[in-house]
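Just below is one structure, and these are the notes that go with it.
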């Protein structure tokens, strides 16, 4: 497999409370829900890629560690205002390339870049 034949399709994160995770990613971050299987997973679209939120324990090959998501947004300051300060871990909104690190309800870090 070469770099020219590869492309990121999506990312999967694991959650104890799948309902709260889906609410955060869909309602707070505004991602589109493409699949919703409440006992198993929710697949959210982000452009032509996806983030899969999966209930812990439903698969026999879970990842050992949490991941960090990097999402590009048009306006980091506006995104931080929309998300709310309760979820913001750190931000540098005045930097030449503004960014903010936020956390979802189970502690996954999402870095917003502009």
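Readers should treat all values here as calculations from the given coordinates under stated rules, not as data from a laboratory. Here the structure is a predicted model, which means the values were calculated and not measured.
Taking a ≥ b ≥ c as the square roots of the Cα gyration tensor eigenvalues, with a/c under 1.5 meaning rounded and otherwise prolate when a/b beats b/c, else oblate, which class fits region 1-112?
Cα axes put region 1-112 in the oblate bin.
Which whole-number percentage describes the relative contact order of the chain, with Cα contacts under 8 Å and a sequence gap of 6 or more?
Details: 187 pairs, mean separation 26.6, N = 114.
With pairs under 8 Å counted, the relative contact order is 23 percent.
If you stretched the chain out fully between residue 96 and residue 12, how much longer would it get, using 0.36 nm times the residue separation minus the C-alpha to C-alpha distance?
Numbers: separation 84, 0.36 × 84 = 30.24 nm, distance 3.07 nm.
Gain on extension, residue 96 to residue 12, equals 27.2 nm.
Where both residues lie in the chain, what percent of DSSP beta bridges are antiparallel, nearest 5?
DSSP beta bridges in the chain are roughly 65 percent antiparallel.
Do the sum for the chain: with -39,500 (n - 2.57) for every DSSP H run of n ≥ 4, divided by all residues, what is the mean residue ellipticity at 222 nm, to the nearest 500 deg cm²/dmol? Please list the in-between numbers first.
Values: 2 runs with 14 residues, N = 114.
Calculated from helices alone, the mean residue ellipticity at 222 nm is -3000 deg cm²/dmol.
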